[in-house]
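Here's the structure, in structure tokens; my notes come after.
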Ligand code: URP
Ligand code: ZN
Ligand code: ZN
């Protein structure tokens, strides 16, 4: 006995077809026209699109940062993901500078243990190298890859906290090249930005707005170019996270044009929010939008959409790093340096991408599937398990209703923040039903916004080292 999804349109990254989908146990058993209903529970998907569950490759759950800890733990964060149609997240384990990668992995596996509600994986952020020429930490990278962690994050921002220097970055890139692993880069010139930040504070420019003004798009472009160039010299594949503006995009395209193995994501906030609309420098409320890189001028949005459509950028993620406005963002009142950097988004990624992408013709439904699920699975080495509605893969299946109207609000969201970056926005297109490894975990029609599975059911996904699928 399986679950047979009938009368829907299966959307892949390549095409859309009227097909039935049979789920048996945790896997997709058959995808074909007119599968016999005999012996199966039938789910009528008339009018719905049948897609792979979303994969958000950039979240920060239960992460200590900016003097506090991100508000969503693995339970609320993964339930919020599920309600929004995302069935896998890749979170970040952060190496403590004085400790090992193994310690970081243990810490993050403990955080997720018995808490994750959909499947998850981890990138490993390398913040320091131990041993002669970094040998001890670099050797640990082999162990990480063997444990299914095939991507390593390097921060070029946040001096004295997470930032690495070029030597460390280059050594990790060389090792990643040897292991076929992927290097993820937060590309901003942290040293230059810190000089500007200190000058602004000295001039009494302390409001949230100045967080955005202190971080020039050119500081992002410079670091984007430098990271890709170093990766190219090292022979490594590189993936730029949260690319936010057209200067950085130009640097990416330039290096792609020179043959560098360079990929990039942007995040929903950079596609639809702007410094003009959200951070005009008028109120403390703007602390809600303090994240890094910051919001940019509106003129950057269209080039980002174009890069998603033409393939220069491959993925849309969220950089979900939630902090409550009332007590956590409050830490930085009077000094923007102390506002915890980050915003909530994991629940709204697919709604925003569909509404502002597909509904207005910027991307096709197939490109939506590619950006939200198929490319993330391929680039991050899990295409044998996830990222498509195909026989043998995990039955992470999203029934998407392109006609459903939904109003985004903190009052109804699962995310643990007391605000939404998209408060009151009306979107068209929403998850109707969500299956995670064959289990119906969300039914937004019968029980809107509820997670129906058991807490802790989410599993760690081991990923292959495949050099981002472009090696
Ligand atoms: O502001 C952000 N993005 N916070 C999370 C850490 C990062 O840089 O991704
Ligand atoms: Zn970052
Ligand atoms: Zn991040």
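Where a number appears in this text, it was derived from the coordinates with a stated rule and is not lab data. On a predicted model such as this, the values are computed, not experimentally measured, just so you know. As a convention, Cβ positions derive from the backbone with ideal geometry for all residues, glycine included, and neighbour counts pool all protein chains shown.
Once you put a point 7 Å from the Cα of residue 15 and another 7 Å from the Cα of residue 326, both along the Cβ direction, what distance in nm separates them?
It works out to 5.3 nm between the two label points.
If you take the beta carbon distance between residue 364 and residue 302 as r and set R0 to 25 Å, what does 1/(1 + (r/R0)^6) give as a FRET efficiency, to the nearest 0.05?
Given R0 = 25 Å and the Cβ-Cβ separation, E is 0.90.
Assuming R0 = 41 Å, can you tell me the calculated FRET efficiency for the pair residue 44 and residue 113, based on Cβ-Cβ distance, to the nearest 0.05?
It comes out at approximately 0.65.
Just for the Cα atoms in the range 104-145, what are the lengths along the principal axes, largest first, rounded to whole Å?
Taking max minus min along each principal axis of the Cα atoms, the range 104-145 gives 41, 16, 13 Å.
How much length would be gained if the chain were fully extended between residue 136 and residue 233, taking 0.36 nm per residue of separation minus their Cα-Cα distance, in nm to one decimal?
Result for the pair: 32.7 nm of gain on full extension.
How big is the antiparallel share of DSSP beta bridges in the range 53-386, given as a percent to the nearest 5?
Values: 2 of 33 bridges.
Once the DSSP bridges in the range 53-386 are tallied, antiparallel ones form about 5 percent.
Which percent, nearest 5, of DSSP beta bridges in the range 1-144 are antiparallel?
45 percent
Given R₀ = 45 Å, what would the calculated FRET efficiency be for residue 205 paired with residue 258, taking r from the Cβ atoms and rounding to 0.05?
0.70
Which value in Å does the Kirkwood hydrodynamic radius of the range 290-369 take, with 1/r averaged over all unlike C-alpha pairs and then inverted?
14.4 Å
Just to be sure I understand the curve: with the Debye formula and one point per C-alpha of the range 65-150, what is log10 I(q)/I(0) at q = 0.22 Å⁻¹?
Taking Cα atoms of the range 65-150 as identical point scatterers yields -1.06.
Using the Kirkwood radius over Cα pairs, work out the Stokes-Einstein diffusion coefficient for the range 287-443 at 25 °C and 0.890 mPa s, in µm²/s as a whole number.
Once the numbers are plugged in, D ends up at 142 µm²/s.
What's the Cα-based Rg to Rh of the range 53-386, Rh via Kirkwood?
Result for the range 53-386 is an Rg/Rh of 0.93.
Rg and Dmax of the range 163-240, Cα atoms, in Å?
When restricted to Cα atoms, the range 163-240 yields Rg and Dmax of 15.2, 48 Å.
Relative contact order for the chain: what is it in percent, counting Cα pairs under 8 Å that are at least 6 residues apart?
Reported as a whole number, the value is 22 percent.
Project the alpha carbons of the range 12-141 onto their principal axes and report the range along each, largest first, in whole Å.
63, 31, 27
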